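Asks: Before I ask anything, here is the structure I am working with.
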Amino acid sequence: MKHIQRQQLGFNLIELMVVIAIVMILTLVAIPSYQTFVQTDRMADASNNLYNAFRFARSEAVKTSSNITLKAIDSDWAKGWRVVDAANKILMEVQAPHQDITVTGSTTVVKGNGGLSSAQEFTVSGYSETKRLCIYVSGQSKLQAGACS
């Protein structure tokens, strides 16, 4: 008598259940890491956008030898910010940061020589983290985690 071997096609139920269990475990491990990644990225995005807007304002002030202003849209940093020239022409506009991010600061006028009348400090906070944009009278600036000195 001949034994005919049948080829197995597909997966059996046990193999399928093991693969599903492995995928679920990997997903449960990855989700918290992904959430942390998204939060870190949102903070970096908001603080870097503010820093770059100031650097752009300073560059334009020096280039045109005129005052350039960095200010909140409709006096609310939560709506975003603009860089405008002396005629109030918008040179740059940055969209609002994520709703979980808070930006505080005051309107900053950069003089034609790149300096400011007084030092300024902006605070970007959210997700139990705070970053500060420190702007000195000379126009030099830095983004840091601690208090401005």
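Nothing in this text is a laboratory measurement; each read-out follows from the coordinates by a stated rule. Since the model is a prediction, treat every value here as computed from it, not as a measurement. Here the Cβ is made from the backbone with ideal geometry for all residues, glycine too, and neighbour counts use every protein chain on show.
Asks: Give me the pairs: first residue in region 68-87 and within 22 Å of residue 111 (Cα to Cα) and touching a residue at least 12 places away in the same chain (Cβ under 8 Å), second residue of a type in the set (Phe, Trp, Tyr) and surrounded by 19 or more Cβ atoms within 10 Å (Cβ to Cβ), beta-carbon distance under 7 Å, and six or more apart or on different chains, which are they?
Replies: Qualifying pairs under 7 Å: 70/54; 70/81; 71/81; 72/81; 73/81.
Asks: Could you list all residues from region 123-149 that are under 15 Å from residue 106 (Cα atoms), of a type in the set (Val, Ile, Thr), free of Cβ contacts under 8 Å to residues at least 40 places away in the same chain and surrounded by 14 or more Cβ atoms within 10 Å (Cβ to Cβ)?
Replies: 123 - this is the single residue of region 123-149 that is under 15 Å from residue 106 (Cα atoms), of a type in the set (Val, Ile, Thr), free of Cβ contacts under 8 Å to residues at least 40 places away in the same chain and surrounded by 14 or more Cβ atoms within 10 Å (Cβ to Cβ).
Asks: Can you tell me which residues in region 94-149 are over 20 Å from residue 78 (Cα atoms), over 19 Å from the mean Cα position of the chain (by Cα) and in a strand (DSSP E or B)?
Replies: 110, the sole residue that qualifies.
Asks: So which of 16, 50 ends up being among the aliphatic types (A, V, I, L, M) and over 16 Å from the mean Cα position of the chain (by Cα)?
Replies: None of the others qualify; the one that does is 16.
Asks: Kindly establish whether residue 30 is part of a helix (DSSP H, G or I) and either under 30 Å from residue 118 (Cα atoms) or in contact with a Gly (Cβ under 7 Å, 6 or more places away or on another chain) (or both).
Replies: When the stated conditions are applied, residue 30 does not pass them.
Asks: Sticking with this one: Within region 121-144, how many residues are within 9 Å of residue 47 (Cβ to Cβ) and among the acidic types (Asp, Glu)?
Replies: 0
Asks: Are any residues in region 92-116 loosely packed, with under 15 Cβ neighbours inside 10 Å and touching a Leu at 6+ places or on another chain (Cβ under 8 Å), and if so, which ones?
Replies: Passing the criteria: only 107.
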